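A.B. asks: Quick one: the structure is below, questions incoming.
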Amino acid sequence: QVQLVESGGGLVQPGGSLRLSCAASGIGLRFYNMGWYRQAPGEQRELVAGITHAGLTNYADSVKGRFTIYRDNAKNMVYLQMASLKPEDTAVYFCNRIVAPKFDWGQGTQVTVSS
């Protein structure tokens, strides 16, 4: 059974940085196009960054130039480096496949941007 575990969130001041990690068990992430999603309170989950199995990336306009998604296939990990964080980046962040069928969602990791 595939299990995704997100980590690295926390409380950070505006303008700060965080790196989120996505670990997987039961599957080799290198074979899949993966994405980072976020869900703010009262909002729908949205895809903010994606990376193909070949390493091509794309980003939502709201995070372009500030977030970087990358992967370490040897460690079976996908990361999201976030910089210049804004209060509107506050959300629970998840990783998962970009396309269906999705893996079971993990618990996510809370990112709070506040002074």
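The values are calculated or read from the model by the stated rules, or taken from the named source; none is laboratory data. In this text the structure is predicted, and so the values were computed from the model without any measurement. The area values use the complete protein model at the heavy-atom level, side chains included, leaving out ligands, DNA and RNA. Shrake-Rupley method; radii C 1.70, N 1.55, O 1.52, S 1.80 Å.
A.B. asks: Between segment 83-106 and segment 3-59, what is the separation of their alpha carbon centroids in Å?
C.D. replies: 5
A.B. asks: Turning to a different aspect of this structure: What is the Å³ per residue value for the convex hull set by the Cα atoms of the chain? Show your work: numbers first, answer last.
C.D. replies: Numbers: hull volume 10.6 nm³, N = 115.
Expressed per residue, the convex hull around the Cα atoms of the chain is 92 Å³.
A.B. asks: Roughly speaking, to the nearest percent, how much of the chain's 1.4 Å accessible area is carbon and sulfur? Write down the numbers at each step before the final one.
C.D. replies: On the way: 2970 of 6030 Å².
Percent of accessible area from carbon and sulfur atoms in the chain: 49.
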